[in-house]
1. Using modelled amide H (1.01 Å from N, peptide plane; none on Pro or chain starts), what sits under 5 Å from the amide H of PHE551, excluding residues fewer than 5 places away?
2. Express the accessible area of the stretch 510-655 per residue in Å², computed with a 1.4 Å probe while the remaining protein chains stay in the model.
3. Could you report the stretch 202-296's accessible area per residue, 1.4 Å probe, as an integer in Å²?
4. Spin-label point model (7 Å from Cα, Cβ direction): what's the ASP432 to ASN198 distance in nm?
5. Output the peptides 620-631, 121-132, 300-311 sorted from most to least packed, where packing is the average of other Cβ atoms within 10 Å over each peptide's residues.
6. May I ask you to derive the relative contact order of the stretch 116-221, considering only C-alpha pairs under 8 Å and at least 6 residues apart, and to give it as an integer percent?
7. Let me see the P(r) profile for the stretch 208-297: every Cα-Cα distance counted, bins of 10 Å, each bin given as a percent of all pairs.
8. In whole Hz and in residue order, list the ³J(HN,Hα) couplings for the stretch 655-672 that follow from phi through the Karplus curve 6.51 cos²θ - 1.76 cosθ + 1.60, θ = phi - 60°; x for Gly and Pro.
Amino acid sequence: MAEAHQAVAFQFTVTPDGVDFRLSREALKQVYLSGINSWKKRLIRIKNGILRGVYPGSPTSWLVVVMATMGSSYCNVDISMGLVCYIQRCLPEGCGPYHTPQTQALLSMAVFSTGVWMMGIFLFRQTLKLLLSYHGWMFEMHGRTSHFTKVWAICVRLLSSRQPMLYSFQTSLPTLPVPSVQATIQRYLESVRPLLDNEEYYRMETLAKEFQDKTAPRLQKYLVLKSWWATNYVSDWWEEYIYLRGRNPLMVNSNYYVMDFVLVKNTDVQAARLGNIVHAMILYRRKLDREDIKPVMALGMVPMCSYQMERMFNTTRIPGKKTDVLQHLSDSRHVAVYHKGRFFKVWLYEGSRLLKPQDLEMQFQRILDDPSLPQPGEERLAALTAGGRVEWAQARQAFFSSGKNKAALDAIERAAFFVALDEESHHYDPEDEASLSLYGKALLHGNCYNRWFDKSFTLIAFKNGHLGLNTEHAWADAPIIGHLWEFVLGTDAFYLGYTETGHCVGKPNPALAPPQRLQWDIPEQCQAVIESSYQVAKALADDVELYCFQFLPFGKGLIKKCRTSPDAFVQIALQLAHFRDRGKFCLTYEASMTRMFREGRTETVRSCTSESTAFVQAMVEGTHMKAHLQNLFRKASEKHQNMYRLAMTGAGIDRHLFCLYVVSKYLGVSSPFLAEVADDGYGVSYMIAGENTIFFHVSSKFSSSETNAQRFGNHIRQALLDIADLFQVPKADR
């Protein structure tokens, strides 16, 4: 109780003599420090906004221009060509010591210098934007760089050499171009040709021709107009229509997971691991707020768009009956925690001071040691975020719009992120292959009510100290959360560390107020909705077949010896594996990024090509010479790499067709061509983890009689080995 009293700035007692007020000096001190910290953040944001706004200029460069102008004036050299005198004549006349001719001359030179400085910044940005619009370097063979590209690279390096902040290059990034309809249709027909027989292809070609000649020109004009007006003609519609307007459950369908180090273990103390990781996450958020993180640069010189990082923390997806909304706060000083059916609020700061890892460990351990039971309806409450969006929106409005339920829900939705303290243990045991799949399923959906699927991400801590993330997809794509995770795991392992007993380094402050238990008043009607959402989510989770495995025979090292890109190698192997699994080809989508453009997110690479199918068919026939198969493989690889480059440079297929479809809906225009859709098969995620290993995550549905994730995984293994054998790489070199 002592800690709770300290958290109150003042108390009062009604006595016969009146009201007795008692102020808490410590609490007032913390309120004061909190206010100071808040103002510091505001000032940092203002400073960053100014520095970002004038990049690559700086106060020093402005001062140099001013001094040069004044110096030339004192040397009787008018570098302004009369503009300073003109500005001086335009200044209002007045009296007093600050309106002398000398003062007005200095002010005129300062105004002129500022104008020259701002013009220089504008010209720099436009020049850099023009340079960054060139993507020919991506299509040149390695080691065969043209003279034009070499000159271009020198210019880009010169213009981007000054130390940038996270968002310094945003206004210099080119806008995503709108491809011509003719080019998109041509690439689309090329992508479906290996999937259709002659009759089906002729029908599709006829629909495409009709669309290109009659409907598309009108739709294209609106897209071009939008590209002139908006910063990106795709991203806002993609976020709204693909993510926020989706009414299906987020769990499994949209959210994705991120694993911990699978071959390294830091500590088996659950609370200690969380203490370090949460502390590292807030350190990353501080760097994010201060824009101290360097922007990602391709080849070390071409900046990638950073806008997706803005909503990494303090963000929640709010359900709506027709569409959801992403709620992002500028700051949050706590995290929401779930353990054994109870919700807690854990403060991250004491006044203006970020809690140390040992303090956070103590707070999480207090939750683990708390013997209290869940309140009625509390245990499975988070199932609402795992079920249908309409049902959750209706329940939120009916039962969580006032009183203690609203206050408790606000504590979750306004948290920096969500933390799940699991009672289960999960990790990867190389001797037990199934352990990796169980680990993945635990991160993907848990028990359907121990993750808050609406939060930007849920940090999951298992009983044995292993971790993972479950990430909502609308606010950003996987590489963005990957930047955070890389920083956090590195800080945990190489900077913070643990004691010999596995605890956080240092002694905690036992006087800290304990975590706050959230209070709920959930009526029976709401409990019925929670149970219904849970059943929907459980059926969805039970239908997921996830097969995760580590491929050990080789990794990036051997693939390089085959003189192809690792991505193309794996994608062609997937085509071979799928044909062996299903006896046919299917439409295959691989995501690529478009972050070289402002507010770019992703584009689709259609990796089932005529070249890859020709290679697969030749492999399956088994009668071709190795030299012929190698030639077919290289053609398929080159085709895939070229398509990937086209997608990255804004010349993809699917995002353009998607936007044309959206415009057609707005205009009430129907198109049989745009209505063609395909959705069937497997989901495959893979990570080439160094020179000698690849991790695969293969998913399918138990309810499908045609798919089997483990069977497909075995086909992937064999396909990789068969392609490697084509190039006769000795096993000793693998």
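1. Excluding prolines and chain starts, which carry no amide H, the hits are ILE694, PHE695, PHE696.
2. Working: 5830 Å² over 146 residues.
Value returned for the stretch 510-655: 40 Å² of accessible area per residue.
3. Result: 48 Å² of accessible area for each residue.
4. With each label placed 7 Å out from Cα toward Cβ, I get 5.7 nm.
5. 300-311, 121-132, 620-631
6. 29 percent
7. Pairs per bin, as whole percents: 11, 18, 28, 23, 11, 8, 2.
8. Using θ = phi - 60°, the values come out as 5, 5, 4, 4, 5, 4, 5, 4, 4, 4, 5, 4, 8, x, 9, 9, 9, x Hz.
The values are calculated or read from the model by the stated rules, or taken from the named source; none is laboratory data. Here the structure is a predicted model, which means the values were calculated and not measured. We place every Cβ from the backbone using ideal geometry, glycine too, and count neighbours over all the protein chains shown. Keep in mind that these areas ignore ligands, DNA and RNA; they rest on the heavy atoms of the full protein, side chains included. Shrake-Rupley method; radii C 1.70, N 1.55, O 1.52, S 1.80 Å.
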